[in-house]
Each structure stands twice: as C-alpha cells, then as structure tokens.
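Engineer: Submitted below is the structure of interest, expressed as structure tokens.
The values are calculated or read from the model by the stated rules, or taken from the named source; none is laboratory data. Computed from a predicted model, the values in this text were never measured in an experiment. Neighbour counts run over all protein chains shown; Cβ positions are idealised from the backbone, glycine included. SASA here: full protein model, heavy atoms, side chains in, ligands and nucleic acids out. Shrake-Rupley method; radii C 1.70, N 1.55, O 1.52, S 1.80 Å.
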Amino acid sequence: MKNSEAILVTPKKFEIQECPVPEPKDNEILMKVEYVGMCGSDIHGFEFGPFIPPKDPNQKIGLGHEVAGEVVKVGAKVTKFKVGDKVLIEPSVPDGKSDYCRSGHYNICPSVDMLATQPHYKGALCEYMTHPEEWTYHIPEGMTTMEGALVEPAAVGMHAAMLGGATVGKSIVILGAGAIGLMVLQACLSLGATDITVVDVMQKRLDLALKFGAKRVINGKEEDTVAVLRSPELYGDHGVELVFEAAGSPFTVNQAVRMVARGGKIIMVGTQSKPVEIDFLKINREVTIQTAFRYCNNFPQTIEAVATGKINVKDMVTDIYDYKDVQKAFTEAIDPVKKADMVKGVVKVAE
C-alpha cells in the first residue's frame, strides 16, 4: 500500500506528496479515503492560507475535513468496525477533559483536534488516514460514500437549525443559499418547519432551494429583501421570528438585524472574518444573536436524515474532481466566473 497527501505548499498551490501509510493505534481505524467535500473554509485556506497560521513555518498544511471511505485495518481495541466497512468520520476530536466537554459542549473544547486546522493541520485530502473509533460512524445501507462525506456539512446545518429552535409554525429566513445555507434549509424542514424563505443573489442556488422545499425565494440582486419581507403581504411590522445568516457577509448581518421580529432570534452560521457593525437600537426588544460553531451530538440524527431522504446532499454536488486534479478543483473554486456555478464540489480520491 502506498499513500500520498495533498499539501498546500503556498497559498493557491497544492502538491501531492508521498507519505507513509499510518498505523492505526489501538482505538483507531485505518480508512481508505474515497470522497472529500470541498468546504468553504478549505477554499479560503487554499486561497489565503489557514485562518489561524501555524507557529512553525515548516508545518505541513493539509486541507479537507468532509470525508468518507472504507475501513482497511483496525486497531487492537476497536470493536465497532471491521475491514470492509464503509464509514464517515466526525473530524473534530475533543480532549474529553475540559469543562466544555463535561458539560456536553465538546464542539467548543479549547483543545479540540480538528482536521485541516491547528494544531496538526492534518487534512483528509490523502489516500489513507487514521481516525478514532469513537468519532467514526457506519454509513447506512443505501447511502453512498459521497453522501457520507457530506454528512459533515449537513450536521452544521442541523446544529444551527436546532440551536434556532426551528419548528412547525415558525417564520424563518435563510440569508445565503450556498452549501451551508441549503443544509440549514433542509435541516429546518426535517424538524417540521415549513414557512421558510431563502435569499441569495445567484438564481441557480435559489432554484435548488425551491427544489429542496423552500416556501419562497428572494433574489437579493433584483429585490430589496428587507422591504419584501417587511411588506404587509408577508411579515409586516412584526418581522421574522428566526433568521439564519449563512452568507458570511456584513451586509447580510445588517439585513438580519432589520428583518428580525421583536423577541426573535438571529443564528450566525456564516463566518465573519472581520468586525461587523450592528445597530443594537434596532434589536433592543429582546432579540437573541446566537453564534453556531460546527456541531455537537448531531451526527447520528444527520446520518438518519440523509439516509431517509429528509436531507438531499447528492443533488447539491455540482462538481466532482479526481484526486490528481485537486489543484484544478480548488483553482476553479476561487475563479470569479467558475465559482458562480459551483454549489458543492467534491474530490473523488478512490472508489
């Protein structure tokens, strides 16, 4: 068996380098990687380098954390998996010792070891990788490994939807219909919500939102989103009870502030990489602003939602690249023209 990994040698430049096949520890599985999803954070890392640069300038930088494949070896103490099992992984492994872990919020553990980020920057864009049994899941019969890899971003949407309290009867707006926004939409629907408006400036994404079950869509390039939502025909002076900011834009943050109802809730799902000004006078009627960070105890529920068709990840995939073309994949993901047609890209490492 030979192994290789895609290493970001400089921003915008990958090299596929040979590396040893790792030996699984007693509590680990060795997985042959089949599919890796291209997350927005990976694409940002490719273009600009990691959000948190490594302290060691010689540190290898790997990308990719949405991953699934096949078990090819198991550690001595592994009991839940055997060679040949198709699996997906939860890529953030907490230390289990912090107060956050003990209180059930392991996703914000300060010592969490997340793929493609500090402290190890170990990416899933490789041929073989190890992972703890505890954070590995069986792929149900009927689900492909490509779908399995996309459980991770779907879990982001599920976590956000549950934090927001998405339920039947609640008015919901999702600002941003990229991959995560569409995952939030489907997660909200799976929890019983039906009155969901999705906003974006790309019609292709809005068409997908309608396909997946949005009640209505608004093209922000063609209409004044706040005016439409605050119109007497929709929510008027009352406003929207639950707003998800999934675009990662200061502009949409301020739209959220202007459309949310008194006593409503704004869930910040998108990453705001720079400080954002907020007019708190507009929301000083007991509006809650809640940030959502990755996921926490959401994988089992999300796996079931994907397996039963409540969340459709397959039809979000617009671009599939071979592993040898990983440089092309990420170059196209940052190309001003080509990225407009990409909703979700995946890298096929093996089958």
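Engineer: Test each condition in (1) within 17 Å of the chain's Cα centre (by Cα); (2) within 21 Å of His105 (Cα to Cα) for Leu182 and report the one that comes out false.
Structural biologist: Status for Leu182: all satisfied but (2).
Engineer: Across region 21-55, which residue is most open to solvent (accessible area, probe 1.4 Å) among those that are under 22 Å from Val151 (Cβ atoms) and of a type in the set (Asp, Glu)?
Structural biologist: Glu28
This table checks each residue for (1) within 26 Å of Ser249 (Cβ to Cβ); (2) in contact with a Lys or Arg (Cβ under 9 Å, 6 or more places away or on another chain).
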residue: Tyr106; (1), (2): no, no
residue: Asp113; (1), (2): no, yes
residue: Tyr121; (1), (2): no, yes
residue: Val168; (1), (2): no, no
residue: Ser171; (1), (2): yes, no
residue: Val199; (1), (2): yes, no
residue: Gly213; (1), (2): yes, no
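Engineer: Checking Tyr321 against (1) crowded, with 17+ Cβ neighbours inside 10 Å; (2) over 17 Å from Asp42 (Cβ atoms); (3) not small (Gly, Ala, Ser): exactly one of these is not met. Which one?
Structural biologist: Status for Tyr321: all satisfied but (2).
Engineer: Further, regarding this structure: Take Ala340 and tell me if it is at pLDDT below 95, open to solvent by less than 60 Å² (accessible area, probe 1.4 Å) and over 11 Å from Gly37 (Cα atoms).
Structural biologist: yes
Engineer: Quickly run through region 204-231 and pick out the residues that are open to solvent by 10 Å² or more (accessible area, probe 1.4 Å), part of a helix (DSSP H, G or I) and at pLDDT 95 or above.
Structural biologist: Across region 204-231, the qualifying residues are Arg205, Asp207, Leu208, Leu210, Lys211, Phe212, Val226, Ala227, Val228.
Engineer: Let me ask something additional. For Gly236, are the conditions met, namely being part of a loop (DSSP other than H, G, I, E, B) and either open to solvent by less than 20 Å² (accessible area, probe 1.4 Å) or in contact with a strand residue (DSSP E or B) (Cβ under 9 Å, 6 or more places away or on another chain) (or both)?
Structural biologist: Considered against the rule, which asks whether it is part of a loop (DSSP other than H, G, I, E, B) and either open to solvent by less than 20 Å² (accessible area, probe 1.4 Å) or in contact with a strand residue (DSSP E or B) (Cβ under 9 Å, 6 or more places away or on another chain) (or both), Gly236 comes out as yes.
Engineer: Still on this structure, I have one more. Is it the case that region 12-20 has a residue that's touching a Lys or Arg at 6+ places or on another chain (Cβ under 8 Å), of a type outside the set (Phe, Trp, Tyr) and either free of Cβ contacts under 8 Å to residues at least 40 places away in the same chain or open to solvent by 10 Å² or more (accessible area, probe 1.4 Å) (or both)?
Structural biologist: Checking region 12-20: at least one residue is touching a Lys or Arg at 6+ places or on another chain (Cβ under 8 Å), of a type outside the set (Phe, Trp, Tyr) and either free of Cβ contacts under 8 Å to residues at least 40 places away in the same chain or open to solvent by 10 Å² or more (accessible area, probe 1.4 Å) (or both).
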